[in-house]
Amino acid sequence: MPKPGAEMALNRNPQSAEARAMERARDLPNTRTATDVDSLRRSFLDHLQFSQGKDEHTATALDRYLALAYGVRDRLMRHWIQTQQAYYLHDAKRVYYLSLEFLMGKALENNLINLGLYDGAREALAGIGVDLSDLFTEEPDAGLGNGGLGRLAACYLDSMATLALPAYGYGIRYEFGIFDQEIRDGWQVERPEEWLRFGNPWEVARPEYEVPVAFYGRTEAYHDEQGRYRVRWVDARHVLGTPYDTPIAGYRNGTVNTLRLWRARASTEFDLADFNRGDYLAAVEEKNLSENISKVLYPNDVTVMGKELRLQQQYFFVACSIHDIVNRHLKMHEGFEGFADKVALQLNDTHPAIAVAELMRVLVDEHGFEWDDAWETCRAVFGYTNHTLLPEALERWAVDLFGRVLPRHLEIILEVNRRFLAGLRDRGVDPAAMARMSLIEEGPVRQVRMANLAVVGSHSVNGVAALHTELLRSDLFKDFDALWPERFNNKTNGVTPRRWMLQANPELARMITEVLGPGWETDLDQLRRLEPLAGDAAFRRRFREVKRQNKELLAAVVQRENGITLDVDSIFDVQVKRIHEYKRQLLDVLHVVAQYLRIKADPSYQPVPRTYLFGGKAAPGYAMAKWHIKLVNAVAEVVNHDLDVRGRIAVVFLKNYRVSLAERIFPAADLSEQISTAGKEASGTGNMKFALNGALTIGTLDGANVEIREEVGAENFFLFGLTVEQVKELRRRGYDPWEYYRQNRELKGVVDAIAGGTFSPGQPRLFQPIVDSLLNGGDPYLCLADFASYVRCQEEVSQAYLDPERWTRMAILNVARMGKFSSDRSIREYAEQIWNVQPVKLE
Ligand SMILES: *Cc1c(COP(=O)(O)O)cnc(C)c1O
């Protein structure tokens, strides 16, 4: 039940004279957010003048971008306020998506599309000689994420708003997002990306809602007035979290949700302590230290390192968010009654898993809950999404470190664990299973296992593709699955068709709308109605024309960035994703080298022309991934300058792979490389963006590839490689990469060429670390074992491409059958099966 009088705060029944007057003034004619072309132009010119302080002579492209962005923002604001009022008035159950990463990319074009302002804005600007597309290039990417996990969070925000769900994203407002990647002499060089340098028109700072966050100190037991045993956290140091809100517009539905990102600020409290001791500079230094918390995104994808600052980041944003969520609830309700009916929290991987302990602390220490009641509340509100099975990605914190930074949370976790293990003992669970399920890993360095905390503290644990969820249940969490089978479920990932089709591939979208009419953008299963058109020669010709145009657009990027002229008739064979050994960019390179050597050995060999495109960032500390980038560039250098292979194969490394570049790449791809070692890729979402844009996939039975193949049909998917079972069996027998090397002459030639300096003239041993990892290092990701199957499958790809009608038919069927992979479907499943939240429709 809403608190009596709670609605007063909304000015529905304004109490104050000011509020009454302001409400009357709301009825003044609205000239500021009208959406006709003249008003859009007026708004652009006004912002150029009044926000940027420029005239037509002095305005730069950046000024013009900002002027339009502010105009769009004005129009978002109205809907934003209305949406938040509606949630409040409905006392709607809210869902909170907690994520350390949001890989948003650019906002202007997406907002224009979702608000239905795209055509109007283009016309408004064209009338004064300004090209809308020129403004898009001025906006920096919001790169607050590493790769798939962060991009998934961004797609989910779009879908939650489009489905009119009362949802909030919570994360960190990093001053530096993912680094800019440069390539020097073939090597990756990282540069800090100052995305906020010119200001960010999409965020609104809300210092009035600042939250204090404690770190360090110690705990102290005491008895309260009722004589109950209580614990308080004392002698802590405090940092302040300032929220910055970004509006998230749904697709043409009037909903505007909030992404709330926290920035760390020093609290003056301990500045003053030093200041009073007369040490002004020490006070300011201290300030710097606490503000480091929101300074930079950790650039590791999948792997984790137990760094104190990372733990501080996790706790910082979780504490701020929980505080905010509890506050929002208490504003409307008497105490915590019904909290679990009004709040759902989703943990995007274990990065925010400390939230389980934090909510316990808030309920027990600050609000006097009994332990069992608090625990029941936690379990009811939390859901946990697992994103990987890789052991190097499982977060663990040394108990010593954890207890120093968060002494009260360590106590809480130990108490949760004590009760949990006691329960297991009572149920007769065997000690070995208990040791595996314990929240604490025993050993020389005792560690807190965040995944176990997340599983124990949630009512739902989900994987991100059917195969991944199966492996979670049978492998990583098998003991938990035996204990609580009902807790596990699958939510196959999805991508938003607004950004990844309407925005990235406007020509294909237009063509689809011509045949299907509007509506498919929010009901992607409608794409099925394209199936019959795969048999229509005229449609196929137009489909090919669109693909060709998209290839030309990407070729222009490559010409500008790499100085290489691409052959748009060649197969655009693309692997773009974070560089990681398990994703096997190396296997792709082995195929390039095999083709190169075939041409060198037989100058009359005429393969179907191919352009191999690679892109992706390596974690700065991941040496082998950096070697792989160097190898791609070294192979490109040799291949692209060898006159013998001219017109047959070319190799390009696209630097600085990011969301905005991805928007150019997916629509231009013919072939999508999804070639991870079976069992290693949890889902993938790049695979979905490619197929949705009419690329065919060459892939292993891994992650969501399995479901993509099921949907598009085995005959429209190039499958190769070992299955999860075969990988297991091979390892059980004892995998020896040397056997494959000795037995396959082509493979031996390829490895020998890399080892012998074909691609490192003057430094024949340069690539020894890669060769060693393949042969003496045991080839942990089975590149050699899958090589023959991969090369054979690539031959099939080439043969299929030789028949353009067949290829186009397959590509159209891929598009038509990708409906399942809309993030709208994923989010609908989360909403119905995990969160139990209903939409609040506005229009
Ligand atoms: C989709 C996407 C990813 C994830 O790609 P995977 O192939 O699923 O690993 C990573 N980075 C960017 C910029 C993306 O758009």
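Bear in mind that the values in this text are calculations on the coordinates, not laboratory data. Values in this document were obtained by computation on a predicted structure and should not be read as measured data. With ideal geometry, Cβ positions are generated from the backbone for all residues, glycine too; neighbour counts draw on all protein chains shown.
Dipole of segment 431-497, Cα-centred, from +1 at each Lys and Arg C-beta and -1 at each Asp and Glu C-beta, to the nearest 20 debye?
Dipole of segment 431-497, to the nearest 20 debye: 120 debye.
Enter the per residue convex hull volume of segment 394-457, computed from alpha-carbon coordinates, in Å³ rounded to the nearest integer.
Once divided by residue count, the hull of segment 394-457 is 79 Å³.
For the charge dipole of segment 63-189, defined by +1 on Lys and Arg C-beta atoms and -1 on Asp and Glu C-beta atoms about the Cα centroid, which residue among 104, 90, 118 has the Cα displaced farthest towards the positive pole?
Of the candidates, 90 comes out farthest on the positive side.
When only C-alpha pairs under 8 Å and at least 6 residues apart count, what is the relative contact order of the chain, in percent?
Relative contact order here is 14 percent.
Within straight cross-link reach of residue 655, meaning Cα distance under 16 Å, which lysines are found once same-chain residues fewer than 8 apart are removed?
The reachable lysines, counting only those whose Cα sits under 16 Å from residue 655, are 577, 617, 626, 630.
Calculated FRET efficiency, residue 828 and residue 281, Cβ-Cβ r, R0 45 Å, to nearest 0.05?
0.20
Give me 438, 133, 43 sorted ascending by neighbouring Cβ count inside 10 Å, so fewest comes first.
Listed from fewest to most nearby Cβ atoms, that is 133, 438, 43.
What is the order of 155, 378, fewest Cβ neighbours within 10 Å to most?
Taking fewest neighbouring Cβ atoms as first place, the list is 378, 155.
Quick check: convex hull over the Cα atoms of segment 745-810, volume per residue in Å³, rounded to an integer?
Working: hull volume 7.5 nm³, N = 66.
Spelled out: Cα convex hull of segment 745-810, divided by residues, is 114 Å³.
Would you give the gap between the C-alpha center of segment 652-721 and the C-alpha center of segment 494-561, rounded to a whole Å?
If you average the Cα positions of each part, the centres end up 16 Å apart.
Report the Cα-based extents of segment 205-312 along its three principal axes, largest first, to the nearest Å.
54, 45, 36
With the radius of gyration and the Kirkwood radius both derived from the Cα set of segment 116-242, what is their ratio Rg to Rh? Walk me through the intermediate numbers first.
Values: Rg = 23.0 Å, Rh = 20.1 Å.
Result for segment 116-242 is an Rg/Rh of 1.15.
Can you give the translational diffusion coefficient of segment 685-804 in µm²/s, computed by Stokes-Einstein from the Kirkwood radius over Cα pairs at 25 °C and 0.890 mPa s? Intermediate values should be presented prior to the final figure.
Details: Rh = 16.3 Å.
So the translational diffusion coefficient is about 150 µm²/s.
One-quarter of the Cα convex hull surface for the chain, in nm²?
40.1 nm²
Restricting the calculation to Cα positions, tell me the Rg (one decimal) and the Dmax (whole number) of segment 466-599 in Å.
According to the Cα coordinates of segment 466-599, Rg and Dmax are 21.1, 59 Å.
Treat the count of other C-beta atoms within 10 Å as a stand-in for reagent exposure and order 567, 803, 301 from fewest to most.
Lowest to highest Cβ neighbour count: 803, 567, 301.
Say the cut-off is 20 Å between C-alpha atoms; which of 106/287; 600/748; 106/680; 478/728; 331/841 go over it? Kindly include the intermediate steps, with their values, before the conclusion.
Details: 106/287 31 Å; 600/748 16 Å; 106/680 30 Å; 478/728 17 Å; 331/841 23 Å.
The pairs that break the limit, which is 20 Å between Cα atoms, are 106/287; 106/680; 331/841.
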